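Report on the following structure.
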Amino acid sequence: MVGSGPPFHKTRMKDLKRESLASTLLGDFSKKLVTNTFFNLLGRSWSFLVSLLLTPYILSHLNVGDFGAWVLFAIFTYSFNLLDLGLGSSFVKYISAYHTYDDYDRVNKVIFSGLAFYSLFGVLLTIVGLFIGHPLLQLFRIANASEVYFLVLLTCAVTNIGAMFLSVFKGIQRMDTSNSIEIRMSVVNVLGTIIFLEAGLGMFGLALNSLINAILTLILTAFTLRRVVPRVSFGWNFDAALLREMFAYGAKISVSKIGGLICFQADKLIVSRVLGLAAVSFYEVSSRLTSFMRAVPLVMLSALIPATSELGARNDREKILRTYLLVSKYVAMVTVALVAFLVLEAGSVVRLWLGKTFDQSAFLIQILAIGYGVNVLGGPASQMGAGVGRPEFDMRSTILLSIVNPVASLLLVRKFGAPGAAAGTSLALIAAAIYLLVTFHRNYIETPVWAVLRDIHARPILSAILACFAVVGFHHIVPGVLALADIRYLIPIKLAADLAIFLPGYIVLLVAFRQVSVIDWNNFLWLIAFGLDFLRHPFRERVKIYR
């Protein structure tokens, strides 16, 4: 495997852990990683804002049944795209590896071979999708939506090709360009959504808007790719052997993605089948808000696969391990804080977002937030494994997840309703994350996982629990703060007051428990200095980093 490297002696690994947790960021490599993470954060933040604003708008134009059906169509879109035998999962890895050595002959073969496959795949997907459409819609109680379903199939076929072109930018670590394209197309999506819903087209309008956006994204991405990377060619460069190699790698990643689909979407399908489409709407609200929370720390991981692929191609195992430990530490501190605060404020947040109609979603948010948070804590191991050509760790944990989640959700939803489905999902996520960390450390890091759980995860969790108690104590001392949650436009004041207690308390406790050190402060100052310099001279810094 690329970058798997020789076994590391355990004593050396202990030394590396001490050095990694007490070392500054990794020079030029860090600049590229931080810059790509910044652009991913920018793109993801914009996506969050759009979704936060569009969700109540869409709900105001669709009834809860139609909104639930639209949620299921989105799941169908993602599901159909996973039928590519794992090819889509391999583009970033292979393009990154070939770009490291400036091998554009191989890069062009990757692109054209993928283009040829997805063109044929799109045709077959549409034909087979139409064949199974009627029983599929009946299974999930979706009525009078055959035209919407057809548009969804066409959107899937086009989206795959656009996503492939977009993965080239991610593979060469040009997250600035990939996020720029996504932000521009999201603006078009917002405008289209408003136009079609105001025209009274409902779900059909949303589906038509999605198809138009997929086509425009494909055109814009292909044009930008030729402009930014002139050495890329769309001419005949088919390589069957390379395609088979990519399938072999991508198949392992696709298992993880299928598991992700089962974990993060199957619960909604189960809720639809058992409780009906209206229940899906309430469940989707909780899932969507929790996904926003989960996506924030995932942005910190989004640049790791191409970055570690580059390190793996250079056989720099020591730097890979340093990066893993440092990223794990910072992801844990951010994730635990987000989970704790969302669990504490779930009722206030959902009422501020959608009003009292969706108050029942708050309990679902609290259940899902815990499972989603634990899932993120395993993210560094998952992303690092994929980046160095060892995706089997994530694949195996995903298989476990794929088995436990639907079984647990189906058993619990019949007894406890939607909260049962949420509990089944969270339990499955926790079990799979623990298994991933144990196997990754045993077979790649070659040290017991307990040390990481103790040194990286335990102290943020304890700090967050104590900070939550501080907020609860604040509510007892100043009971008027809780009353603010009853008035929607005053909820931001309550959230700000609670955050003013929670965040300083959390940080002070991290320092007191020695989770945050002087070295981390130096890393933070370096990050601020680099960010300010980047903002003052963005073009110059981008040229220096991406050259």
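The values are calculated or read from the model by the stated rules, or taken from the named source; none is laboratory data. Computed from a predicted model, the values in this text were never measured in an experiment. Here Cβ is always computed from backbone atoms with ideal geometry, including for glycine, and neighbour counts include all displayed protein chains.
Tabulated values for the structure
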read-out	value
Residue match in the range 83-92 (condition: surrounded by fewer than 18 Cβ atoms within 10 Å (Cβ to Cβ), modelled with pLDDT under 85 and aliphatic (A, V, I, L, M))	yes
Residue that is nearest to C156 (Cα to Cα) [pool: residues in the range 79-125 that are of a type in the set (K, R) and over 23 Å from the mean Cα position of the chain (by Cα)]	K109
So F247, is it surrounded by fewer than 23 Cβ atoms within 10 Å (Cβ to Cβ), assigned by TED's automatic domain parsing to the domain that holds I161 and either modelled with pLDDT of 80 or more or of a type outside the set (V, I, T) (or both)	no
Subset of the range 445-465 [free of Cβ contacts under 8 Å to residues at least 60 places away in the same chain and assigned to a helix (DSSP H, G or I)]	W450, L453, R454, A458, R459, L462
Some residue of the range 495-505 being in contact with a Leu (Cβ under 8 Å, 6 or more places away or on another chain), assigned to a loop (DSSP other than H, G, I, E, B) and surrounded by 15 or more Cβ atoms within 10 Å (Cβ to Cβ)	no
Residue within the range 424-435 that is farther than 16 Å from I262 by Cβ and either aromatic (F, W, Y) or surrounded by 18 or more Cβ atoms within 10 Å (Cβ to Cβ) (or both) present	no
Set I545, I491: member being modelled with pLDDT under 70 and buried (at least 17 other Cβ atoms within 10 Å of the Cβ)	I545
